[in-house]
Amino acid sequence: MKIAFVGKGGSGKTTLSSLFIRHLAATGRPVVAVDADINQHLGPALGLDEAEAAALPALGEHLPLIKEHLRGTNPRITSADTMIKTTPPGEGSRLLRVREDNPVYDACARPVELDGGAVRLMVTGPFTDADLGVSCYHSKTGAVELCLNHLVDGRDEFVVVDMTAGSDSFASGMFTRFDITFLVAEPTRKGVSVYRQYKEYARDFGVALKVVGNKVRDQDDLEFLRAEVGDDLLVTVGHSDWVRAMEKGLPPRFELLEDANRRALRLLEIAADATYELRDWERYTRQTVHFHLKNAQSWGNERTGADLAAQVDPGFVLGESVTATATATA
């Protein structure tokens with residue numbers, strides 16, 4: 001299952017995504033965690049110190065390797081240089097799986113030990129001084145989008161992505177790459193403004209969206225969120241002494257997380273599991289192609305000097321059943 005956590009800056013989305021990752025690891029689920037935020041905080045939220053977090057390899061720095069691996073023997077992709085962030089897979093492409101070992105994980109993922117198990121962590125890399133004035137942050141997240149386009153995940157396998165703050169993910173098609181999106185919202189007008197943007201943008205793409213109310217202190221806060229987001233409100237989270245200790249770098253054992261917050265994480269898991277039966281790989285593939293053609297026309301063709309529409313394999317549908325065929329080309 002592919003899960004996104006979104007919300008405005010300071011809403012607590014990184015904290016909640018890290019708690020959900022810890023929860024999944026404690027239940028024995030295989031997890032790939034991805035920090036796709038401009039502010040790289042997921043590593044520290046999972047217990048890494050500053051030096052460990054800074055040493056994580058950036059996906060963007062390994063983009064040529066990622067492209068070459070995913071291209072495989074796909075005859076429609078003449079070179080890795082012609083691949084862009086939206087390039088869809090086709091016959092002969094190599095696909096990524098959650099449980100496997102592959103060159104992309106070898107270069108870009110690092111294991112993080114958590115209570116009850118370990119997860120693979122990948123990061124886009126920070127937006128540096130060298131990027132100012134010459135680079136858009138979406139060029140950093142392009143590697144994440146390309147990997148998601150080529151990812152085949154099954155039941156009880158999880159990819160959890162801490163997304164960019166606000167509604168920035170709508171600058172690409174990445175918001176359609178998930179089985180469910182958890183939008184973290186505080187009980188304030190600013191807190192629900194991102195929800196309204198997501199709801200409007202996602203309406204035409206069948207994006208499953210649920211709101212997690214954070215920093216909810218009393219019944220008034222709860223009623224405010226209910227009035228603003230209605231049935232999309234899945235669960236609320238209040239103050240946590242465990243989280244406060246974690247933010248100080250001294251997290252207790254995860255089993256000591258407050259019962260109310262453990263129940264909230266279980267509800268997120270149940271909501272994610274429920275989306276498995278609703279998967280529509282044909283729609284997923286169709287949306288991949290839609291955004292690829294849109295990006296090809298607006299900038300991709302000019303930048304690569306190629307007709308990127310030719311990369312689309314009209315007979316290919318991504319899905320769990322194609323995994324064996326795709327990996328056989330590796």
- Item | DSSP-loop trypsin sites (Lys or Arg not before Pro) across the range 150-235, with at most 11 other Cβ within 10 angstrom | R155, R217
- If each Cα of the range 172-241 is one equal point scatterer, what is log10 of I(q)/I(0) from the Debye formula at q = 0.15 Å⁻¹? -0.47
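Just the projected area, averaged over all directions, of the convex hull on the alpha carbon atoms of the range 220-282: how many nm²? List each step's numbers first, then the result.
Working: hull surface 26.7 nm².
Convex hull of Cα atoms, orientation-averaged projection: 6.7 nm².
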- Could you give the semi-axes, largest first, of the ellipsoid that matches the range 3-72, computed as the square roots of 5 times the alpha carbon gyration tensor eigenvalues and rounded to whole Å? 23, 16, 14
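With the Cα gyration tensor of the range 1-135 giving a ≥ b ≥ c as the square roots of its eigenvalues, does the rule (a/c under 1.5 for rounded; else a/b larger than b/c for prolate; else oblate) give rounded, prolate or oblate?
Working: a/c = 1.98, a/b = 1.36, b/c = 1.45.
Oblate is the answer for the range 1-135, as a/c is 1.5 or above yet b/c matches or exceeds a/b.
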- Message: Between T78 and Q219, what is 0.36 nm times their sequence separation minus the Cα-Cα distance? Round to one decimal in nm.
- Response: 44.9 nm
- Item | Area projected by the alpha carbon convex hull of the chain, averaged over all directions, nm² | 16.1 nm²
- Note on the structure: The pairs in K13/K294; K85/K248; K2/K210 lying past 26 Å Cα-Cα in this model are K13/K294; K85/K248
- Query: Taking 0.36 nm per residue of separation and subtracting the Cα-Cα distance, what length does fully extending R203 through R283 add?
  - Reply: 27.4 nm
- Task: Apply the Debye scattering formula to the range 49-110, with a single equal point scatterer on each alpha-carbon and no solvent, then give log10 I(q)/I(0) at q = 0.17, 0.18, 0.25 Å⁻¹.
- Result: -0.62, -0.68, -1.09
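Are there any GluC sites (Glu not before Pro) in the range 210-261 that are in a DSSP loop and have at most 16 other Cβ atoms within 10 Å? List them by number.
E258
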- Taking Cα pairs under 8 Å and at least six residues apart, what relative contact order does the chain come out at, in percent? 27 percent
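Which percent of the Cα-Cα distances in the range 32-76 go past 16 Å? Don't skip to the end; give the middle numbers.
Values: 501 of 990 pairs.
Considering the range 32-76, 51 percent of its Cα-Cα pairs are separated by more than 16 Å.
Quick one: grab the alpha carbon gyration tensor of the range 252-321, order the square roots of its eigenvalues as a ≥ b ≥ c, and give me rounded if a/c is under 1.5, else prolate or oblate depending on whether a/b is larger than b/c. Mind showing how you got there, number by number?
On the way: a/c = 4.40, a/b = 2.36, b/c = 1.86.
The shape class here is prolate.
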- Task: Could you work out the equivalent-ellipsoid semi-axes for the range 181-298, taking the square root of 5 times each eigenvalue of the Cα gyration tensor, largest first, in whole Å?
- Result: 31, 19, 15
- Message: Please list, ordered by chain and number, the residues whose modelled amide H lies under 5 Å from the amide H of T236; skip anything fewer than 5 residues away on the same chain.
- Response: G213
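Quick note: the coordinates plus some simple rules give every number you see, no bench work behind them. All values reported here derive from a predicted model rather than from experimental measurement. Positions of Cβ are generated from backbone atoms using ideal geometry, with glycine treated the same way; all protein chains shown enter the neighbour counts.
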